[in-house]
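A.B. asks: Have a look at this one before I ask anything.
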Amino acid sequence: MPNHTTSSRFAGLDGLRAIAVTLVIVYHLFPQSPLRGGFVGVDVFFVISGFLITSLLLRPSREGWRGAPRRLLDFWRRRARRLLPALAIVVTVCATAAWLLGGDLLVGMGRQVLGAATFSYNWLAVADGADYFADTAPELFRNFWSLAVEEQFYIVWPLLLPLVLLIPARGARVALVVAAAAGSAWWMGQLAAAGAVTRAYFGTDAHSFGLLLGIALALAVENVPERPWMRSAAARSASLSAGLVGVTAIVVAALIPETSDAATFPGTLLLATGGAALAVFAGVWPGSWFGRAVDARPLKWIGDRSYGLYLWHWPVLVLVLVGVQGFGPEGGVPPWAGALALLISVAAAAASYRFVEMPFRRRGFRRSLRAVGRRMAGRPLSRFAAIAALAVVAVALGGTTAAILDAPHTTTAAVAIDRGQDALEDAAETPAPADAAEEEHADVIPDGTEITAVGDSVMLASAPSLLDEFPGIAVDAEVSRSIWTGPEILDRLAASGELRENVVVALGTNGPVDSGVLGEMSRIVGPERNLILVNAHAPRDWIPGVNADLESFADRHRRVWVADWNGAIAPHEDLLAGDGIHPGDAGGEVFADCVKDALATIERDRVRAEKQFAQAPSGRAPRIPFPE
């Protein structure tokens, strides 16, 4: 039944590849687009791969089962020709560029290259605790996790297929594979519900349902005899409608923003995989109008180069952003950066397809190397081209080796955060000095024993300086906190009697603030304490809104002030870690100084209020300089 135009091409699959890679690229390069769930394009690839590989393995051979071992080796050899050359070019070129840029970009480079080379990237990332959806410094080859899942499938499935084919009934085979797909989706949901979203997304066991649905489809249509009615206008029209419904389901899934629970993992992904399976089925229908339509020349061109486009787009984006602004996509992706990365990726993928991928697929490894040798012995121009190519390869290999050897063990942001955590642990073990109040100029600024500080990783990185500036200060700071955690933390401290007279809150880095939450924190702090809101500084698009909201809230509420961390650190961004967010040693001192300035402002306002009260005529209420 499968409708394919050549012995190795199925109608519609190139167009579906183009749709899939477009969704992923837009999701990464233009994150402000409506395709907030464009990562589902990977699941479309999985369905296509499951169907295509199974269909190829099911093709009859004159040798029968006696030739199975040789056919299996030939299959793996063809996969290696298809995948390895382009992958090697991307890894070596981009790793060399990362080495030239240096810094946090090199962290984990050895693990990343090893994962790419052995197609184990997903499991190595899980073992290392990587977070695919985190807003931290990005890994250069993070998108290679899906290639690892597919290659593991290419290795294992050909060995399992003969066992499945021992089941005599077609329906039973399909039911078995569909049940396995359901089990995989269920397992992803369980992992996501437990909070292990990256493990759910990266794990081959939890994310194989797309591959398995593609396999089930291939088993279902295997050797189905073509009937005359299948090519009737009504049947083709029905298959066209089914294909359009499938593509619509994929696009709808791509429009749904991800959540960190089973609604997305596997909910949205199942919508995309179901749509992809329906579209593949419509494409391979005999004489399919849908397959012909989605294989239109522009889509086919993209589909042919989809592998290279997928390989290049993410590393190029990271390199462009780090090279221009010093930090990666975690700080947002300006439209110009996405457009530039797209142009470079398309050019690189086109060149790779013509000069690397197709020659190796046609000739294989040995014949390709012999062709280079013939060029070396040929005319001067051919010799020059061969020598230049070998020189580029040598430089890229050398740059990759240097990137691995020079890679720091951790990011500068992680170093700053760890330093702050160590300072807090040391402070917990060492009581504050008895004369802390004398050291703190108690007549001007409160000493540390009168200050409670609650914050995120920025405050945590600044903890050593806060402890030095305000001995005895109580700091409660953790990574990845948002403003929504503030009321719960303050309520707990108030209930235990640990909330002091001056409460410093720095929770604006990890997302927009909410006036209701700010009001709740102000209520918990109460009228007898001072609330200091530290504004935020980070290369993220919500920061201006956060700072404006904090200023507005402070203007409208009594005994609430803003510590201007953003204004203090903006002229000194060289004091921040490589992510442009977390302060180093000197940056932490700036953070502590801005808190000190806010406390000094409170004292000045108090003195001014007392003077106005003393000068007010008897019986007239004084003007209070605090905002009402």
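A.B. asks: Defining a contact as two alpha carbons under 8 Å apart and six or more residues distant in sequence, what relative contact order in percent does the chain show?
C.D. replies: 16
A.B. asks: Mind checking the full-extension length gain between Arg523 and Asn223? Use 0.36 nm per residue of separation minus the Cα-Cα distance, one decimal, nm.
C.D. replies: 100.9 nm
A.B. asks: Show me, for the range 247-260, the HN-Hα J-couplings you get by feeding each phi into the Karplus relation (A = 6.51, B = -1.76, C = 1.60, θ = phi - 60°), rounded to Hz, glycine and proline as x.
C.D. replies: In residue order, the calculated couplings are 5, 4, 4, 4, 5, 4, 4, 5, 8, 8, x, 6, 10, 9 Hz.
A.B. asks: With r as the distance between the Cβ atoms of Arg36 and Ala548 and R0 = 22 Å, compute the FRET efficiency 1/(1 + (r/R0)^6) and round to 0.05. All intermediate terms of the calculation are to be shown ahead of the outcome.
C.D. replies: Working: r = 24 Å, r/R0 = 1.10.
Using R0 = 22 Å, I get an efficiency of 0.35.
A.B. asks: Let me ask something else. At a 10 angstrom cut-off on C-beta neighbours, averaged per residue, how do the peptides 593-601, 532-540 rank from highest to lowest?
C.D. replies: 532-540, 593-601
A.B. asks: Could you give the distance between the Cα centres of the range 464-516 and the range 72-91, to the whole Å?
C.D. replies: If you average the Cα positions of each part, the centres end up 53 Å apart.
A.B. asks: Also: Let me know the volume per residue of the alpha-carbon convex hull for the range 270-351, in Å³.
C.D. replies: Output value, Cα hull per residue: 122 Å³.
A.B. asks: Let me ask you something else. Relative to the compact globular guide of 2.2 N^0.38 Å, what is the alpha carbon radius of gyration of the range 412-615, as a ratio? Numbers along the way, then the final one.
C.D. replies: Working: Rg = 16.1 Å, N = 204, 2.2 N^0.38 = 16.6 Å.
Dividing the Cα Rg of the range 412-615 by 2.2 N^0.38 Å gives 0.97.
A.B. asks: Compute, for the chain, the length of the dipole vector about the Cα centre, with Cβ point charges of +1 (Lys, Arg) and -1 (Asp, Glu) only. Units Debye, rounded to 20.
C.D. replies: Numbers: 53 positive and 61 negative charges, 1376 e Å.
Approximately 6600 debye in magnitude.
A.B. asks: May I ask what percent, to the nearest 5, of DSSP beta bridges between residues of the range 412-615 are antiparallel?
C.D. replies: For the range 412-615, the DSSP antiparallel bridge percentage is about 5.
A.B. asks: If you don't mind, another one. Return the calculated 222 nm mean residue ellipticity for the chain, to the nearest 500 deg cm²/dmol, obtained by summing -39500 (n - 2.57) across DSSP H runs with n ≥ 4 and dividing by the residue count. Intermediate values should be presented prior to the final figure.
C.D. replies: Numbers: 25 runs with 393 residues, N = 628.
Mean residue ellipticity, 222 nm, calculated: -20500 deg cm²/dmol.
A.B. asks: Need the full-extension length gain, Ala600 to Leu405, defined as separation in residues times 0.36 nm minus the C-alpha distance. One decimal, nm.
C.D. replies: Values: separation 195, 0.36 × 195 = 70.20 nm, distance 4.86 nm.
Here the answer is 65.3 nm.
A.B. asks: Okay, moving on. Using a Förster distance of 30 angstrom, determine the FRET efficiency expected from the C-beta separation of Ala233 and Leu165, and round it to 0.05.
C.D. replies: Computed FRET efficiency for Ala233 and Leu165: 0.25.
A.B. asks: Once you place label points 7 Å from the Cα toward the Cβ at Arg59 and Val372, how far apart are they in nm?
C.D. replies: 2.9
A.B. asks: Here's something else I'd like to know. Return the percentage of antiparallel bridges among DSSP beta bridges fully within the chain, rounded to the nearest 5 %.
C.D. replies: Approximately 10 percent, going by the DSSP bridge assignments.
A.B. asks: In square nanometres, what is the average projected area of the Cα convex hull of the chain? List each step's numbers first, then the result.
C.D. replies: Numbers: hull surface 145.0 nm².
Result: 36.3 nm².
A.B. asks: Suppose a student asked you for the relative contact order of the range 124-235, using Cα pairs under 8 Å spaced at least 6 residues apart; what percent would you report?
C.D. replies: With pairs under 8 Å counted, the relative contact order is 29 percent.
A.B. asks: One quarter of the convex hull surface, Cα atoms only: what value does that give for the range 354-512 in nm²?
C.D. replies: Dividing the Cα hull surface by four gives the mean projection, 17.4 nm².
A.B. asks: Using Cα pairs under 8 angstrom and six or more residues apart, how large is the relative contact order of the range 412-615, in percent?
C.D. replies: Once normalised by length, the contact order is 22 percent.
A.B. asks: Please report the spacing between the Cα centers of the range 18-34 and the range 369-429 in Å, no decimals.
C.D. replies: Here the answer is 28 Å between Cα centres.
Every number in this text was worked out from the coordinates using simple rules, so none of it is lab data. Quick caveat, the model's predicted, so the values are computed rather than measured. In this analysis, Cβ positions are derived from the backbone assuming ideal geometry, glycine residues included, and neighbour counts consider all displayed protein chains.
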